[in-house]
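One structure below.
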Amino acid sequence: MISQALIKDFEALLGKENVFSSEADRQSYSYDSAVLRPVVPALVVRPTNTEQLGLCVKKLYDNGIPMTVRGAGTNLSGGTIPDNSDTVVILTNGLTRILEINVNDLYAVVEPGVVTADFAAAVAKKNLFYPPDPGSQAVSTIGGNIAENAGGLRGLKYGVTKDYLMGIEFFDATGEIVKSGSRTVKCVTGYNLTGMIAQSEGTLGVISQAILKLVPPPKASKALVAVFDDLQNAAEAVAGIIAAHVVPCTLEFLDNNTIVRVDDFTKAGLPRQAAAMLLIEVDGHPAQVEDDAAAVERVLKDNKATEVLVPKDAAEKFKLWEARRMALPVLARCRPTTVLEDATVPRSQIPAMMKAINDIAAKYKLEVGTFGHAGDGNLHPTFLCDKRDHNEYARVEEAIDELFDVAIKLQGTLSGEHGIGTAKAKWMEKETSRGTILFSQRLRRALDPKGLLNASKLVGI
Amino acid sequence: MNNLHQLAQRLMALDDRITACMKCGLCQAVCPMFGATGMEADVARGKLALISNLAHEMIQDPEAVADKLGRCLLCGSCQASCPPGVKIMDVFMEAREVVNAYIGLHPVKKMVFRTLLAKPGLFNFAMRVGAPMQGLIFKDSKDTQGTVCAPMLNFMLGDRHIRPLAKTPLHVRHGSINERCPAGGIKVAFYPGCMGDKMYVDMAEACLKVLRHHKVAVYMPTGLACCGIPALSSGDVEGMMKQMKVNLDLLSQTMFDYLVTPCGSCTATIKEYWPHYAQRMGGAAVGQAREIAAKTMDINAFLVEVLKVQAVEAAANAHKVTFHDSCHLKKSLGVAAQPRTVIGANPAYKVTEMAEADRCCGCGGSFNLFHYDHSRKIGQRKRNNVVDSGAEIVATGCPACMMQLEDVLSHNGDAVKVKHPVEIYAEML
Ligand SMILES: Cc1cc2nc3c(=O)[nH]c(=O)nc-3n(C[C@H](O)[C@H](O)[C@H](O)COP(=O)(O)OP(=O)(O)OC[C@H]3O[C@@H](n4cnc5c(N)ncnc54)[C@H](O)[C@@H]3O)c2cc1C
Ligand code: SF4
Ligand code: SF4
């Protein structure tokens, strides 16, 4: 229970309009995008400048109150669900300033609550490019992206959020400010705490500012779509493209069930018999793009693509890529609950992983549709179910257990980009080692002696 | 209905539709209310969760939930971009109805919806008594939009800059119209909507002028009531059905090919909600509402699709017009290209797009009355986009949006006029 006096303190610090204590308001911060049981926090506070953010953390630490930082609440692993009913949620959507976009030195400085797409648009206005583009970019925050090390469609060529993180400022559990990295390309001053904060899921500190790398935008791009009647051929085509020394910016994959479901919905006339579709985009210098596209087309044909389509213009590309854009929306419409996984395997293991996914779904009598980022082996098997049907949902949980076993056996990972949170914490040791868990817990305890920062997430504390 | 358990049980009827929400949070990007407050309880995901919690008896405070549900423009932006296509508007409407049945309708709303808007005679009388007195109360805002403000009534109207009521409403000017349709011709029922009848009479006149120009026979009976959306969005289904009944009776007296309105909200209500709620009334209303809904068209869509109005090349010195997509017009009815074509049909004007043309302007009908501060804040973003477009005129296909745009532009002292696309087209005829 949080005391009335503390609530008054927060109101004095942040203004009444930034302290939410009513039951209805608190209930709306009890969930995120993960399919998990909600937990209602004791209070929700919204600092509107970074100094207030630090004071909030300090006040909570001094009072021994658990805290969970929340950006847009779109993570898929429960990272923003409060640990217990004493938790105070700290919102970052009052911290939305883009402090600097430096076109000469190619970096930007932002507060944690800036929305990814707003930031990318502001950067694009200055004719620069911020590549990480998670599917949630229209609402996700930079703070959330950093804390989850979010990826996106451009991961294969451009990397993920951590590859753009040059420097960071964060408050440790006690409210002390910590700084690491800089505006320079090179910086070895002290430990690489910047790297440590990436994908820390709100367990090591509260990010208050980030320095992000920008790159020049590609001058041209070209898209291709290929259809395969055999998964193995599609996978070999993916390997072949990389072997031909072409690194597409996007290399997306749709499985048969996804194609059929999308076609049912859009009546777009997709190849319903196809085992897989690949959607590929190459970008860069115009001449290079032409060469790369020609090489990709050759590789696709060599690997028995039954059809290769090269859209003539942006409008045609938009139409062809509709299938990829509609994949999640369509799958999500099929059944009440959509469980979106992101087990990731080495590229060459995609056919093995796909076979395992479909076998497991059949074994547990579940429907699954799989799409994802073929270029980096990051698949999104999406289980369609109804969480209110306890029997069915139990089967989903068992299927996911088995899925992770396979991913680990194939030398892959539990999560390519959606994070561990509480959703996947129990599998951590299987992929890593007992020592990894203990080391991480000791690290946490040293940095957060009262165990207040998102305590139950990741490895626990 | 007086116990919470019963309330919860009634809400459980919505459970299937609420469970369809995958909690992706993507509605945050488009929700005007969330844009203004940044509060999760204001976005569809938050509201759906609260309704669900009330249904599952996890929250015991229906007033608080009703309050949250009221903080919504019912603009449908969330639904239009919701990946799993949750029927958010239906859930909100039905939840408002159930919750209001439990806590009771606000007494002012009750008076307005059940008495004033359902009894056109009384409404018209009140408005006519009111109109000549306006001079005493309202003061000219001295702006491009021709609005007035009401310092004396600040306590009630806030600092709104609104159009004065017309001295003579449309239906008084014209009386009942029922033109004969020549063989092979087209006959339409013209439904001006409350605002077209009483506030934006010039706009409604422009519509009649355009219809005459195209030799379309018009049916416009006196005695039409409100379409019912204000009552419905306040959860007053009974009030809405009363109004719909008056309209159905009048509109079923004469044969016509299309029912045409200049108001996106009226069109959407007639097409989507009349058939739905007529089911509850049963009897003749079911067939009447279905038939009328099928014939109902937004006037821009009618001009382009039926009368084949086309855009022409703009003159060299054409005035720049930017178009605001009203939520009902674009997101509910899918009408977006047609009004732009109607504007482009007049060579003296050309369309210049603004950023976020389809982002809600913040009016939201009676939302504006109860949450004026938020409404203004949302409107300011729209105003900035309008002004940044460099247009001299902003056009929109819904009188409620026109009112909102005039209010924000007037407050900012901007020299941008607000017009309906049909007014622009009518100028050249
Ligand atoms: C439809 C959909 C598509 C998605 N697509 C992708 C995708 O393509 N790639 C991908 O990687 N992810 C994707 N995601 C997952 C999710 O959007 C990302 O993880 C995103 O980075 C979360 O951002 P957020 O602002 O919502 O963070 P939140 O969910 O609010 O928070 C995520 C974590 O970060 C922590 N955190 C937030 N702010 C701070 C801060 N200032 N300091 C410290 N910790 C903080 C939180 O405590 C929490 O642990 C998708 C999700 C959805 C719903
Ligand atoms: S966009 Fe739709 S599914 Fe996603 S959170 Fe909003 S209402 Fe739910
Ligand atoms: S209808 Fe409009 S205001 Fe209401 S929740 Fe949806 S987007 Fe927000």
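The values are calculated or read from the model by the stated rules, or taken from the named source; none is laboratory data. Here the structure is a predicted model, which means the values were calculated and not measured. Reconstructed Cβ throughout: ideal geometry from the backbone, glycine too, with neighbour counts over all protein chains shown. Calculation scope for accessible area: heavy atoms of the full protein, side chains included, ligands and nucleic acids excluded. Shrake-Rupley method; radii C 1.70, N 1.55, O 1.52, S 1.80 Å.
Some points to look at:
The rows are residues; the columns are (1) more than 14 Å from every other protein chain (Cβ to nearest Cβ); (2) in contact with a Gly (Cβ under 6 Å, 6 or more places away or on another chain).
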{"position": "A:A314", "(1), (2)": "yes, no"}
{"position": "A:A327", "(1), (2)": "no, no"}
{"position": "A:T338", "(1), (2)": "no, no"}
{"position": "A:A361", "(1), (2)": "yes, no"}
{"position": "A:G372", "(1), (2)": "yes, no"}
{"position": "A:N378", "(1), (2)": "yes, yes"}
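- Odd one out for B:I88 among (1) near ligand 2 (Cβ under 10 Å from one of its atoms); (2) at the interface with chain A (Cβ under 9 Å from one of its Cβ atoms): (2)
- For region B:243-263, residues that are part of a strand (DSSP E or B), open to solvent by less than 10 Å² (accessible area, probe 1.4 Å) and under 19 Å from B:V286 (Cα atoms) total 1.
- Among residues of region B:9-27, those that are among the hydrophobic types (A, V, I, L, M, F, W, C), within 16 Å of ligand 1 (Cβ to nearest atom) and more than 28 Å from the chain's Cα centre (by Cα), counted: 2
- Of the residues in region B:392-402, at least one is open to solvent by 50 Å² or more (accessible area, probe 1.4 Å) and in the same structural domain as B:P339 (by TED's automatic domain parsing).
- From the options B:G413, B:G344, B:G334, B:G364, residue that is away from ligand 3 (no atom under 15 Å from the Cβ) and within 20 Å of the chain's Cα centre (by Cα): B:G334
- Condition broken by A:V69, with the remaining ones in (1) touching a helix residue (DSSP H, G or I) at 6+ places or on another chain (Cβ under 9 Å); (2) within 14 Å of chain B (Cβ to nearest Cβ); (3) in a strand (DSSP E or B) satisfied: (2)
- Of the residues making up region A:2-41, those that are among the hydroxyl-bearing types (S, T, Y) and farther than 22 Å from A:N454 by Cβ number 2.
- Residue match in region A:48-65 (condition: among the polar types (S, T, N, Q), crowded, with 24+ Cβ neighbours inside 10 Å and outside the structural domain of A:I207 (by TED's automatic domain parsing)): no
Results for (1) open to solvent by less than 10 Å² (accessible area, probe 1.4 Å); (2) in contact with a Phe, Trp or Tyr (Cβ under 7 Å, 6 or more places away or on another chain); (3) at pLDDT 95 or above, shown as yes or no for each residue.
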residue	(1), (2), (3)
A:Q209	no, no, yes
A:L212	yes, yes, yes
A:V215	no, yes, yes
A:L231	no, no, no
A:A234	yes, yes, no
A:G240	no, no, no
A:V262	yes, no, no
A:P271	no, no, no
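- Residue within region A:17-28 that is surrounded by fewer than 19 Cβ atoms within 10 Å (Cβ to Cβ), out of contact with any Ser or Thr (no Cβ under 8 Å at 6 or more places or on another chain), under 24 Å from A:E111 (Cα atoms) and within 13 Å of chain B (Cβ to nearest Cβ) present: yes
- The lone exception for A:N256 - which of (1) without any contact (Cβ under 8 Å) to a residue 24 or more places away in the chain; (2) open to solvent by less than 20 Å² (accessible area, probe 1.4 Å) it fails: (2)
- Residue list for region A:441-461, filter: open to solvent by 30 Å² or more (accessible area, probe 1.4 Å) and either polar (S, T, N, Q) or in a helix (DSSP H, G or I) (or both): A:Q441, A:R442, A:L443, A:R445, A:A446, A:L447, A:S456
- For region A:388-414, the candidate set comprises residues that are out of contact with any Lys or Arg (no Cβ under 6 Å at 6 or more places or on another chain) and assigned to a loop (DSSP other than H, G, I, E, B); within that set, the residue that is farthest from the other protein chains (Cβ to nearest Cβ) is A:Q411.
- The residues in region B:199-225 that are free of Cβ contacts under 8 Å to residues at least 40 places away in the same chain and in a loop (DSSP other than H, G, I, E, B) can be counted, and the count is 1.
- Of the strands (runs of 3 or more DSSP E) lying entirely inside region A:106-196, those carrying at least 3 residues that are of a type in the set (A, V, I, L, M, F, W, C) and away from chain B (no Cβ under 14 Å) are A:107-110, A:165-171.
- Options A:T96, A:T80: the member that is among the β-branched types (V, I, T), over 26 Å from A:I2 (Cα atoms) and either assigned to a loop (DSSP other than H, G, I, E, B) or within 14 Å of chain B (Cβ to nearest Cβ) (or both): A:T96
- Test: residue in region B:381-391 that is farther than 18 Å from B:D143 by Cβ, hydroxyl-bearing (S, T, Y), assigned to a helix (DSSP H, G or I) and not assigned by TED's automatic domain parsing to the domain that holds B:R71: no
- Tally of residues being within 19 Å of B:G85 (Cα to Cα) and more than 14 Å from ligand 3 (Cβ to nearest atom) across region B:6-23: 9
- Residue list for region A:305-342, filter: over 24 Å from B:G85 (Cβ atoms) and either open to solvent by 40 Å² or more (accessible area, probe 1.4 Å) or in a strand (DSSP E or B) (or both): A:T306, A:E307, A:V308, A:L309, A:V310, A:K312, A:D313, A:A314, A:A315, A:E316, A:K317
- Scope region B:186-242; condition within 30 Å of B:V65 (Cα to Cα), acidic (D, E) and open to solvent by less than 30 Å² (accessible area, probe 1.4 Å); matching residues: B:D236
Condition check ((1) closer than 19 Å to A:V308 by Cβ; (2) assigned to a strand (DSSP E or B); (3) assigned by TED's automatic domain parsing to the domain that holds A:I168) across all residues:
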residue	(1), (2), (3)
A:E236	yes, no, no
A:H245	no, no, no
A:R261	no, no, no
A:A268	yes, no, no
A:E281	yes, yes, no
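- Of the helices (runs of 4 or more DSSP H) lying entirely inside region B:19-75, those containing at least 3 residues that are more than 7 Å from chain A (Cβ to nearest Cβ) and open to solvent by 10 Å² or more (accessible area, probe 1.4 Å) span B:32-37, B:62-70.
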